[in-house]
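Below you'll find the structure, written out as structure tokens, and then a few comments.
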Amino acid sequence: MRRHLENSKGFTLIEIISVILILGIIAAVAVPNFDRSGIAVANWAATIKSDIRYAQELAMSRNPASASPVTISFSPGGSYSIVDPSGVFTDVLRQLDGTDTSIVNNISISFNRFGEATQFGTVQISSGGITQNIIVEQYTGRVTIS
């Protein structure tokens, strides 16, 4: 029996629990130090891209009800709104709250009843030194993030 115990190899339960406990303490200290601003910027960029596409589809869905364009206006700091001047749809207002993400430039993007971008350009958002550009192309209204 004694020879069997001397030749056994492996870890004891106490050693395994001790390692897991130490890794848990290290993780608890290290995780809050990660910079999450890149994630916030990417999430807001995707949300803004979706809202721009929504404004374009909104303009096309009421064809030919109104000749006035649907506009999405961005304000420096952290808010933007989608306005339907014909009043067919309820206006939308969004705030970039809960993060330090902000809109850098003041720009308006408009779509006519055919979904063409009559006003276009680049919306810049930034957080923690990371900047994302949401580009709306002329005529097609294609939206890309870079």
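Rounded to whole Å and ordered largest first, report the semi-axes of the equivalent ellipsoid of the chain derived from its Cα gyration tensor (root of 5λ).
Sorted largest first and rounded, they come to 55, 16, 13 Å.
Give the residue from SER68, VAL19, GLY115 lying farthest towards the positive end of the charge dipole for the chain; charges sit on Cβ (+1 for Lys and Arg, -1 for Asp and Glu) and the dipole is referred to the Cα centre.
It is VAL19.
Note the angle between two axes, namely the Cα long axis of helix 13-30 and the longest principal axis of the Cα atoms of the chain, as a number of degrees from 0 to 90, rounded to the nearest 10.
30
Once the Cα atoms of helix 37-61 and of the chain are each reduced to a long axis, what angle between those two axes, in degrees from 0 to 90 to the nearest 10, is obtained?
The angle comes out near 30 degrees.
Counting other beta carbons within 10 Å of each Cβ, put GLU116, GLU15 in order, fewest first.
So the residues, fewest neighbours to most, are GLU15, GLU116.
Using Cα-Cα distances under 8 Å and only pairs 6 or more residues apart, what relative contact order does the chain have, in percent?
21
Show the residues, 5+ positions off or on another chain, whose built amide H is closer than 5 Å to the amide H of ILE107.
For ILE107, the qualifying residues are PHE74.
Run the helix sum for the chain: -39,500 (n - 2.57) per DSSP H stretch of 4+ residues, divided by residue count, reported at 222 nm to the nearest 500 deg cm²/dmol.
Counting only the DSSP helices, I get -11000 deg cm²/dmol.
Excluding ARG62 itself, what net charge comes from residues whose Cβ is under 15 Å from its Cβ, given Lys and Arg +1 and Asp and Glu -1?
Summing Lys and Arg as +1 and Asp and Glu as -1 gives -3.
FYI, it's all coordinate maths here, none of it is from the lab. Just so you know, these numbers come straight off a predicted model, no measurement behind them. Neighbour counts run over all protein chains shown; Cβ positions are idealised from the backbone, glycine included.
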